[in-house]
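Worksheet for the structure shown next.
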Amino acid sequence: MTFLNNPEALKAVVADRNALLRHLEAADTAPLLMVLVHLGGDPAWLGRIAPHIKGPWSFHDETPAHVRAQLCEAVADVLADYAVTVKPLPTTPPMELLPAMLDACTGQHVPAEYYPLVLEELDLAGVDPKTVHWRQPPSPERIADFSVLVVGAGFSGVGMGIKLKEAGIAFTIIEKNAEVGGTWYENTYPGIGVDTANHFYSYSFDNNNNWDHFFAHGDQIEDYIQRNVERTGLRDQIRFGEEVLSLVWDEDRLMWRADIRRCDGQTYTIRANAVVSAVGMLNRPKVPPIKGLDSFTGPKFHTARWDHSVDYAGKRVGMIGTGASGMQVGPAIQPVVESLTIFQRSPHWAMLNPLYFETVSDAKKWVLNHIPFYTKWFRFQLFWSSSDTFHHNLKVDPDWPDQKRSLNAENAKVREQLEAHIAREVGHDPELIRKATPDYPPYGKRMLRDNHWYRMLTEPNVDLVDEPIDRVEPAGVVTADGTLHPCDILVLATGFETRRMLWPMQITGRGGATILDRWGDEDPRAHLGITVPEFPNFFLIYGPNTNLSHGGSAVFHSECQVRYIMQGLRELVETGQAALEVRPEPFWDYQEKVDNAHSALVWAHPGVTSWYKNAAGR
Ligand code: NAP
């Protein structure tokens, strides 16, 4: 519901004060406080409530019930005042109060350098600031002649398409699958869901106030992406079941030429002024080079290619891998399988989040839908709780004595909490604690959510095997100690070919330079993760060094990249220039900056292996 310029909507909200107060009971304190100060401008409320908000998640709120009740009354009053006097709602909060508001909302200090980003991300005015606006109207001939090819219709490709459409730029999206959604379309394994809170893991320009869960299941995210495609009429611009085989920069025409294979195997060529790769990083399943894997006689499949024709109930299932995918599959299938043997090469850290299994109550959905600006402030709170709030945790303190297990005092504190959680969950079983506890610092690999993984490990039909795998035989998996672990079904939760970015597309830029020449097999580099010298008018979304290793939302990052790309395209269209390319100096400066920053961060830790790094540790 939009309240700006809609006094009737606000009148309906305040019409029944008792009903309003009942609904407000379901609101989280911090975003509700923000609504009150935003609309009422009274800083005294910040002083009263801020001391009770101990952190950026709703479960960090310790506000006493009677203070909360007063807050709800005050919000009802301020809304009634706007409704009765038919005053327009202020789109921006009182700017002089913004620093104190952000600190109160998160229970932490939000540094001033974040303010512009916060205001933009909050998008309070309801006019998406991330939409590119022409600085001067592009000439009709120029824009009519200009076209963009987008590769991939996952979250990023669809977001890119929506912004291109808003700008009136012609584009085509090529999608290898039969539907949009990318990773959310391909991954359908039992237990699939997102581990970033959804009210933040979604487009900023389409806040969904009706998520059923704080952490949605995979099919609900797929639905959300599809809804955005229908809402914006994007489907007509997407060619499904087609794959870009190669991209070549045509130096005579100063355009890209793309060779595309249709689902019937026929190929054709199209040309575009610019190309945006939105192919993602997590879509080419990695099949581990384990001896004898093909000799296994039972069904065997990768998590991203889950075979739903196989009934795993009552079967002996072997699962290789304990990353984000494996950790979701395990607890989902354990209750019905005869046995689950998990082959773990190295354990991951997994953190408890009390909201992980929670559903969003109808009353909370009502608040999200009906209280002006609540959803925006709620999103900001999640943005902060999921992002840089714990960046200091990731930095190596050179004076820290226990470098092997943790990086600094804060990181050690997190380790202590995680260890205590594991011990509690596995019933203080010393052998399980040993197996399930990583020997590297927290955040070394992507931090996972504990979705009852540890509790599952204690079930009698589960065996966590940390002996290395020697080989696979027709009847099961043999570990290095010579034990055969019999399996009826083998699940490969072994991740993706993340290092071979853009593979298997063949991409040739200016002067015949190929991406393979420049990057080798596994050293991709781009300026800001987006542009590459010698590859004019070529942009990447979710490119090199843009992974969220410690938190954040891939959708937020993708939107930042879309906005940057839109500015590049605007430059081309408005100036009439044919090509735009990053210069080598800023490109190499950026590489140096990234490498220097990483040298003091957890991912460079010698004890950490992860799919974020190549064989050289970069
Ligand atoms: P992953 O994190 O790369 O995990 C792969 C697992 O397979 C690891 O445990 C790895 O062990 C193991 N493995 C790989 N090769 C092996 C071999 N040869 N022998 C034995 N074990 C082997 O892959 P993923 O779990 O599919 O997750 C990938 C990414 O997808 C995540 O980090 C996340 O970004 C995304 N994802 C997100 C969600 C979510 O939001 N909930 C869910 C799923 C995936 P090592 O750790 O020792 O290498």
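The values are calculated or read from the model by the stated rules, or taken from the named source; none is laboratory data. Note that the structure is a prediction, hence the values are computed from the model and not measured. As a convention, Cβ positions derive from the backbone with ideal geometry for all residues, glycine included, and neighbour counts pool all protein chains shown.
Some points to look at:
- Selection of first residues in segment 26-40 that are at negative phi and of second residues that are of a type in the set (D, E, K, R) and assigned to a helix (DSSP H, G or I), restricted to Cβ pairs under 7 Å at least 6 apart or on distinct chains, gives the following pairs, ordered by first then second residue: Ala26/Lys364; Thr29/Arg68.
- Residue match in segment 203-211 (condition: acidic (Asp, Glu), within 22 Å of the chain's Cα centre (by Cα) and under 30 Å from Asp311 (Cα atoms)): no
- Test: Val582 is touching a helix residue (DSSP H, G or I) at 6+ places or on another chain (Cβ under 7 Å) and either surrounded by 15 or more Cβ atoms within 10 Å (Cβ to Cβ) or of a type in the set (A, V, I, L, M) (or both): no
- In segment 18-53, the residues that are among the β-branched types (Val, Ile, Thr) and closer than 13 Å to Thr375 by Cα: Thr29, Val35
- Any chance Asp264 is away from the ligand (no atom under 16 Å from the Cβ), free of Cβ contacts under 8 Å to residues at least 40 places away in the same chain and not in a loop (DSSP other than H, G, I, E, B): no
- Tallying residues that are at pLDDT 95 or above and either acidic (Asp, Glu) or over 15 Å from Val276 (Cα atoms) (or both) within segment 165-175 yields 1.
- Odd one out for Ala144, checked against (1) loosely packed, with under 15 Cβ neighbours inside 10 Å; (2) assigned to a loop (DSSP other than H, G, I, E, B): (2)
Let's see how each residue does on (1) charged (D, E, K, R); (2) touching a Lys or Arg at 6+ places or on another chain (Cβ under 6 Å); (3) in contact (Cβ under 8 Å) with a residue 60 or more places away in the chain:
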{"site": "Pro88", "(1), (2), (3)": "no, no, yes"}
{"site": "Glu113", "(1), (2), (3)": "yes, no, no"}
{"site": "Pro116", "(1), (2), (3)": "no, no, no"}
{"site": "Ala153", "(1), (2), (3)": "no, no, yes"}
{"site": "Gly157", "(1), (2), (3)": "no, no, yes"}
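- Matching residues in segment 436-469 - criterion: being surrounded by fewer than 17 Cβ atoms within 10 Å (Cβ to Cβ) and charged (D, E, K, R): Asp439, Arg455, Glu459, Asp463, Asp466, Glu467
- Sole exception among (1) within 16 Å of the ligand (Cβ to nearest atom); (2) not in a strand (DSSP E or B) for Val472, by number: (2)
- Some residue of segment 239-252 being closer than 16 Å to Gly181 by Cβ, of a type in the set (D, E, K, R) and within 24 Å of the chain's Cα centre (by Cα): no
- Filtered residues of segment 343-385 (kept if of a type in the set (S, T, N, Q) and either in contact with a helix residue (DSSP H, G or I) (Cβ under 9 Å, 6 or more places away or on another chain) or farther than 18 Å from Phe59 by Cβ (or both)): Gln344, Ser346, Asn353, Asn369, Thr375, Gln381, Ser385
- In segment 487-513, the residues that are assigned to a loop (DSSP other than H, G, I, E, B) and within 16 Å of the ligand (Cβ to nearest atom): Cys487, Ala493, Thr494, Gly495, Glu497, Thr498, Arg499, Arg500, Met501
- Every residue from segment 156-204 that is part of a helix (DSSP H, G or I) and either farther than 28 Å from Arg262 by Cβ or within 16 Å of the ligand (Cβ to nearest atom) (or both): Ser156, Glu166, Ala167, Thr183, Trp184, Tyr185, Glu186
- Only one of the listed residues (Val287, Val279, Val329) is more than 12 Å from the ligand (Cβ to nearest atom), among the aliphatic types (A, V, I, L, M) and modelled with pLDDT of 95 or more. That residue is Val279.
To keep it simple, each residue is scored yes or no on (1) on the phi > 0 side of the Ramachandran plot; (2) at pLDDT below 95; (3) of a type in the set (Lys, Arg).
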position: Glu425; (1), (2), (3): no, no, no
position: Asp429; (1), (2), (3): no, no, no
position: Thr437; (1), (2), (3): no, no, no
position: Tyr443; (1), (2), (3): yes, yes, no
position: His452; (1), (2), (3): yes, no, no
position: Asn461; (1), (2), (3): no, no, no
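- Helices (runs of 4 or more DSSP H) contained entirely in segment 286-400, each with at least 3 residues that are closer than 19 Å to Asp450 by Cα and among the aliphatic types (A, V, I, L, M): 324-333
- Test for Glu467: is it modelled with pLDDT under 95 and within 14 Å of the ligand (Cβ to nearest atom): no
- All positions within segment 428-455 that are assigned to a loop (DSSP other than H, G, I, E, B), within 13 Å of the ligand (Cβ to nearest atom) and either closer than 19 Å to Gly321 by Cβ or of a type in the set (A, V, I, L, M) (or both): Pro438, Asp439, Tyr440, Gly444, Lys445, Arg446, Met447, Asp450, Asn451
- Among all positions in segment 292-304, there is no residue which is away from the ligand (no atom under 16 Å from the Cβ), among the aromatic types (Phe, Trp, Tyr), modelled with pLDDT of 95 or more and under 30 Å from the mean Cα position of the chain (by Cα).
- Among the residues listed as Gly509, Gly520, the single one being buried (at least 20 other Cβ atoms within 10 Å of the Cβ) and not hydrophobic (A, V, I, L, M, F, W, C): Gly509
- The residues of segment 6-51 that are of a type outside the set (A, V, I, L, M) and either within 24 Å of Phe214 (Cβ to Cβ) or not in a helix (DSSP H, G or I) (or both), listed by number, are Asn6, Asp16, Arg22, His23, Glu25, Asp28, Thr29, Pro31, His38, Gly41, Asp42, Pro43.
- Considering each residue of segment 215-231 in turn, none proves to be assigned to a loop (DSSP other than H, G, I, E, B) and over 15 Å from the mean Cα position of the chain (by Cα).
- With respect to the conditions (1) of a type in the set (Gly, Ala, Ser); (2) closer than 30 Å to Asp252 by Cα; (3) within 16 Å of the ligand (Cβ to nearest atom), Gly607 falls short on a single one, namely (2).
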